[in-house]
Amino acid sequence: MAVVALAVSLAATLSAQVAPPAPATAQRAELAGAESYVIFLAGRPVGREEVAVSRQADGWVVRGSSRVGPPIATSVRQVEVRYDASWRPLALSLEGSIQDREVGLETTFADGKATNTVKEGDAATEKVDTV
């Protein structure tokens, strides 16, 4: 159940206040920043991560993907985190695999609670955390 621990940790992290990037000047959705990173383990490259932050009419969206080779063997095909205009978390969606096992996470934030649906293989569990 490493995915459950990952989900709880991620939900708690996302609920923390994040300092917003510099304000966007245009009314339309615009890209605030996109980056690509190399992931290292013990001084050698083992993977890559892509992250983009965009300003939407109703807030911010952080999207990304990553792939990490052995010994971790983790892939995130897509992750999306939605925040309101004040950087309060609204939702999280993640699809990927850990050691070739399919995983997914859907989290919504409301009324001081994070409601998580965690999928690992064919099994799904739900958990509600106070945040």
Checklist entry - Quick one: how many residues across segment 103-131 are under 24 Å from SER65 (Cβ atoms), of a type in the set (D, E, K, R) and surrounded by 14 or more Cβ atoms within 10 Å (Cβ to Cβ)? => result 3
Next on the checklist: Can you tell me which of (1) without any contact (Cβ under 8 Å) to a residue 60 or more places away in the chain; (2) in a loop (DSSP other than H, G, I, E, B) is the one SER66 doesn't meet?
Outcome noted: (2)
Checklist outcome for this item: Matching residues in segment 89-101 (surrounded by 14 or more Cβ atoms within 10 Å (Cβ to Cβ) and without any contact (Cβ under 8 Å) to a residue 40 or more places away in the chain) number 6
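No lab work stands behind these numbers, since they all come straight from the coordinates. Everything numeric here is computed off the predicted structure, so don't read it as measured data. Here the Cβ is made from the backbone with ideal geometry for all residues, glycine too, and neighbour counts use every protein chain on show.
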